Amino acid sequence: MPDPAEELARIFGFSDFRPGQAEIVEAVMRGRNTLAIMPTGGGKSLCFQLPALCREGLTVVISPLIALMRDQVRALRAVGVEAGALNSGNTEEENAEVFAALDEGRLKLLYLAPERLANFGTQSLLHRAGCSLIAVDEAHCVSQWGHDFRPDYLRIGELREMLDVPLAAFTATADAETREEIVNRLFGGVQPETFLRGFDRPNIHLAFGAKDQPRKQILNFVAARKGLSGIVYCGTRARTETLSQALREAGHPAICYHGGMEAGARRHAETRFQQEDGLIVVATVAFGMGIDKPDIRWVAHSDLPKSIEGYYQEIGRAGRDGAPAETLTLYGADDIRLRRSQIDEGLAPPERKEADHGRLNALLGLAEAIGCRRQRLLGYFGEESQPCGNCDLCDRPADVFDATDAVRKGLSACLRTGESYGAGHLIDILRGVETEKVRGRGHQNLPTFGVGKDLSKAMWEAVFRQMMGRDLIRPDAERHGAFRMTLAAHPILRGEETIFLRRDTLKSSERPAAKAL
Ligand code: ADP
Ligand code: ZN
């Protein structure tokens, strides 16, 4: 069977599973009966789509929502997957097309409205088409007491028995009683493998810091946690080597790990990390897959992670034993520029690039957040929560200021110079610094020249970084990172929106280590 993690990247373009997905996908792939309770937006669909594509035969997906079915079929076809739907919204032609594809055994996923199960012939059709898995979306619709009850859902159990194939049921809302009904009606009373886990890891302290002197920031963070096991994730192989050496020179037991090392050396590093107390591994994201060390006390990122999914997976390696664990993620303007250009210069089709920019925006939004980070993080995974009391912003609220005026000045400097420059030159203009470059282009005569004298250079850097983080301006990789204004900036420029930015994000790395229990 194909490797699900590879297919995840190849077909869907996602570099990581979201919390909970990997376990569910694995169980479904192995053909277990499964019941997964996941919040809306948590990424349920992938948990049956991916196994459907990796397994032999046809997967039938029962879903009560025609609009959602159409969306999913369209999205799957867009990435080259043979998918179809049978529901009352279909035209005759669409139906004929689906039947033909079924006959030829071409379909991998068939979305089916529950009413169809009442049709004489549907069950034998599925049997003939080689159905090997049933996925049930919105499984709580089988509950007679819920307000979403769909009588046709009661036929699903019968279908499962007739086809004698595994069934995977998904829902976002299921109290204990509803779960019991699902087990009785869909699984004939035999308890399926059940996944019901909030995504939260409340013992992990979350903190981000703007990159200032990254090496020093990491050294300080580690020094405050001397003797404790931890992982530092770096964006490049070279950095794992220089940083692990710096840590050793500062008296910490540290080794490096990256995909460019020989297999033997990598295995040796893994074993040492598992067995030795207080060892630090400085690694690329290649590190961590097989690691099951319960007492990793901290995880630091010296560079911005690839995605929120990656971030959560990486910090999630800390504190598996449930005792307090800490994290620090550094990010800077260079990280943002690098990620934007990696997306822009990649080979993905335009829609996927736009989606990748969107996902990056979500990560940057978390980095530059003003309120509780965990609330925002869990919200991204679809889980609602209250301020957590265990993140840097709950510890100490962000120091924010009304930056509308500064942002408008920044945007106007950008526009008046033809969107042709990056932060350095624009800041010189705003602060009225007559550099050679400024004079050479006559920029000392611009109306924006010197209008930003009231803010320091460092403040302006923070403003531009946050403008990038909010996706108000995007560095253009093809023009040496010159900023282009995005549509999101228009309301601010027109004075229709105010914007608050953080005054600083620098001091969060100075937090003293939590006392180990
Ligand atoms: P629901 O659980 O509500 O059915 P969806 O399956 O529609 O949620 O997924 C919600 C969003 O999350 C979708 O936009 C989907 O593309 C995205 N998503 C799902 N899995 C991943 C992943 N592993 N990495 C990144 N995005 C993902
Ligand atoms: Zn919090």
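The values are calculated or read from the model by the stated rules, or taken from the named source; none is laboratory data. This one's a predicted model, so the numbers in the text were calculated from it and none came from an experiment. Cβ atoms come from the backbone with ideal geometry, glycine included; neighbour counts cover every protein chain shown.
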Considering only residues that are at negative phi, surrounded by fewer than 14 Cβ atoms within 10 Å (Cβ to Cβ) and of a type in the set (Gly, Ala, Ser), which ones fall in region 72-117?
ALA78, SER88, GLY89, ALA96, ALA100
Just to be sure I understand the filter: pairs with C-beta atoms under 9 Å, separated by 6 or more residues or on different chains, first member in region 30-49 and touching a residue at least 12 places away in the same chain (Cβ under 8 Å) and within 16 Å of ligand 2 (Cβ to nearest atom), second member outside any helix (DSSP H, G or I) and of a type in the set (Gly, Ala, Ser). Which pairs pass?
none
Residue pairs qualifying under the 7 Å Cβ cut-off, at least six apart or on distinct chains, with the first in region 170-199 being closer than 22 Å to PRO151 by Cβ and free of Cβ contacts under 8 Å to residues at least 24 places away in the same chain and the second being assigned to a helix (DSSP H, G or I) and within 16 Å of ligand 2 (Cβ to nearest atom), are none
Here, helices (runs of 4 or more DSSP H) confined to region 209-292 with at least 3 residues that are in contact with a strand residue (DSSP E or B) (Cβ under 9 Å, 6 or more places away or on another chain), of a type in the set (S, T, N, Q) and modelled with pLDDT of 95 or more are 237-249
So which of SER15, SER88 is hydroxyl-bearing (Ser, Thr, Tyr) and within 16 Å of ligand 1 (Cβ to nearest atom)?
SER15
Test each condition in (1) assigned to a helix (DSSP H, G or I); (2) out of contact with any Gly (no Cβ under 7 Å at 6 or more places or on another chain) for ARG185 and report the one that comes out false.
(2)
Looking at HIS258 and the list (1) within 16 Å of ligand 1 (Cβ to nearest atom); (2) over 20 Å from the mean Cα position of the chain (by Cα), which single condition is not satisfied?
(1)
Applying the selection to region 338-360, what residues are touching a Gly at 6+ places or on another chain (Cβ under 9 Å) and modelled with pLDDT under 90?
ALA348, ARG352, LYS353, ALA355, ASP356
ALA367, sole failed condition from (1) modelled with pLDDT of 90 or more; (2) at positive phi:
(2)
Can you say whether ALA323 is in contact with a Phe, Trp or Tyr (Cβ under 9 Å, 6 or more places away or on another chain) and more than 14 Å from ligand 1 (Cβ to nearest atom), as far as the supplied structure shows?
no
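The rows are residues; the columns are (1) within 20 Å of the chain's Cα centre (by Cα); (2) assigned to a helix (DSSP H, G or I).
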position	(1), (2)
PRO2	no, no
SER15	yes, no
ILE24	yes, yes
GLY84	no, no
SER88	no, no
Of the residues GLY288, GLY264, GLY251, which is without any contact (Cβ under 8 Å) to a residue 60 or more places away in the chain, on the phi > 0 side of the Ramachandran plot and surrounded by fewer than 19 Cβ atoms within 10 Å (Cβ to Cβ)?
GLY251
Which residues, counting only those in region 457-471, are within 21 Å of the chain's Cα centre (by Cα) and acidic (Asp, Glu)?
ASP471
Residue hits (region 69-82; assigned to a helix (DSSP H, G or I) and either among the β-branched types (Val, Ile, Thr) or touching a residue at least 24 places away in the same chain (Cβ under 8 Å) (or both)) are MET69, GLN72, VAL73, LEU76, ALA78
I'd like to know if region 21-43 contains one or more residues that are touching a strand residue (DSSP E or B) at 6+ places or on another chain (Cβ under 8 Å), more than 24 Å from ALA348 (Cβ to Cβ) and near ligand 1 (Cβ under 10 Å from one of its atoms).
yes
For HIS443, are the conditions met, namely being more than 16 Å from ligand 2 (Cβ to nearest atom), without any contact (Cβ under 8 Å) to a residue 40 or more places away in the chain, within 24 Å of SER341 (Cα to Cα) and not aliphatic (A, V, I, L, M)?
no
Can you name every residue in region 172-203 that is in contact with a strand residue (DSSP E or B) (Cβ under 6 Å, 6 or more places away or on another chain) and closer than 20 Å to ARG30 by Cα?
LEU186, PRO192, GLU193, THR194, PHE195, LEU196
Please state which one of GLY469, GLY410 is within 27 Å of GLU326 (Cα to Cα), out of contact with any Pro (no Cβ under 7 Å at 6 or more places or on another chain), buried (at least 18 other Cβ atoms within 10 Å of the Cβ) and not hydrophobic (A, V, I, L, M, F, W, C).
GLY469
Residues of region 132-148 satisfying the condition of being at pLDDT 95 or above and of a type in the set (S, T, N, Q):
SER132
Restricting to helices (runs of 4 or more DSSP H) lying wholly in region 329-404: which have 2 or more residues that are more than 14 Å from ligand 2 (Cβ to nearest atom) and surrounded by 13 or more Cβ atoms within 10 Å (Cβ to Cβ)?
333-345, 350-367
